[in-house]
Amino acid sequence: MIFHYNLATKAFNSGDKKAAKREAEEGARYKHLYLSEKREAVNKTLRLKNKDLNLNEKIDLHGLHKNEVRAALDFFISSIKRKIKAGEIVPNSGLGKGHNVKVITGKGNNSKNSIPVIKEEVQAYFRQH
């Protein structure tokens with residue numbers, strides 16, 4: 001991906017706009033493939049780690065990297081919203097306006113300086129949503 005973007009930059013700087021466009025498109029194709037594979041890997045990890053949990057209520061994010069947390073939470077929350085809308089589950093907030101969930105983040109024991117980066121990312125995510 002980066003290789004093709006670098007080639008595109010070199011081609012553009014040398015005046016070969018056709019080659020620059022071709023390489024930029026190839027870089028974009030590789031970026032799309034990378035993001036698709038990454039998203040699938042996150043979803044597969046979530047399914048494996050959470051196979052014994054009720055996914056309507058809990059999600060275990062142990063082992064994910066900080067930059068994967070938001071995609072995992074988006075997937076998790078959207079699946080809950082879809083199930084509520086379909087009538088498969090009932091909102092459990094008590095007010096009928098939402099759904100309480102448990103997000104398991106870990107203590108950060110495997111993080112640099114034992115700082116819980118997943119927990120901080122989850123808190124930031126819910127502050128924004």
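The values are calculated or read from the model by the stated rules, or taken from the named source; none is laboratory data. Here the structure is a predicted model, which is why all the values come from computation and not from measurement. We place every Cβ from the backbone using ideal geometry, glycine too, and count neighbours over all the protein chains shown. Keep in mind that these areas ignore ligands, DNA and RNA; they rest on the heavy atoms of the full protein, side chains included. Shrake-Rupley method; radii C 1.70, N 1.55, O 1.52, S 1.80 Å.
Of all residues in the range 94-106, those that are among the charged types (D, E, K, R) have Cβ atoms under 6 Å from Cβ atoms of residues that are open to solvent by 60 Å² or more (accessible area, probe 1.4 Å) and modelled with pLDDT of 80 or more, 6 or more apart or on another chain, in 102/58. Of all residues in the range 1-24, those satisfying the criterion of being under 30 Å from residue 72 (Cβ atoms) and loosely packed, with under 14 Cβ neighbours inside 10 Å are 2, 3. So for the range 8-17 (the condition being at pLDDT 80 or above and within 21 Å of residue 118 (Cβ to Cβ)), does at least one residue qualify? No, there is no match, as no residue in the range 8-17 is at pLDDT 80 or above and within 21 Å of residue 118 (Cβ to Cβ). When every residue of the range 35-54 is checked against the conditions, none turns out to be out of contact with any strand residue (DSSP E or B) (no Cβ under 9 Å at 6 or more places or on another chain), of a type outside the set (D, E, K, R), open to solvent by less than 40 Å² (accessible area, probe 1.4 Å) and at pLDDT 80 or above.
Quick check on the range 55-69: of everything there that is of a type in the set (A, V, I, L, M, F, W, C) and open to solvent by less than 50 Å² (accessible area, probe 1.4 Å), which residue is modelled with the lowest pLDDT? In this case the residue turns out to be 64. Restricting the first member to the range 38-60 and to residues that are within 23 Å of residue 86 (Cβ to Cβ), and the second to residues that are loosely packed, with under 13 Cβ neighbours inside 10 Å and at pLDDT 80 or above, the beta-carbon pairs closer than 8 Å and six or more apart or on different chains are 57/102; 58/102; 59/102.
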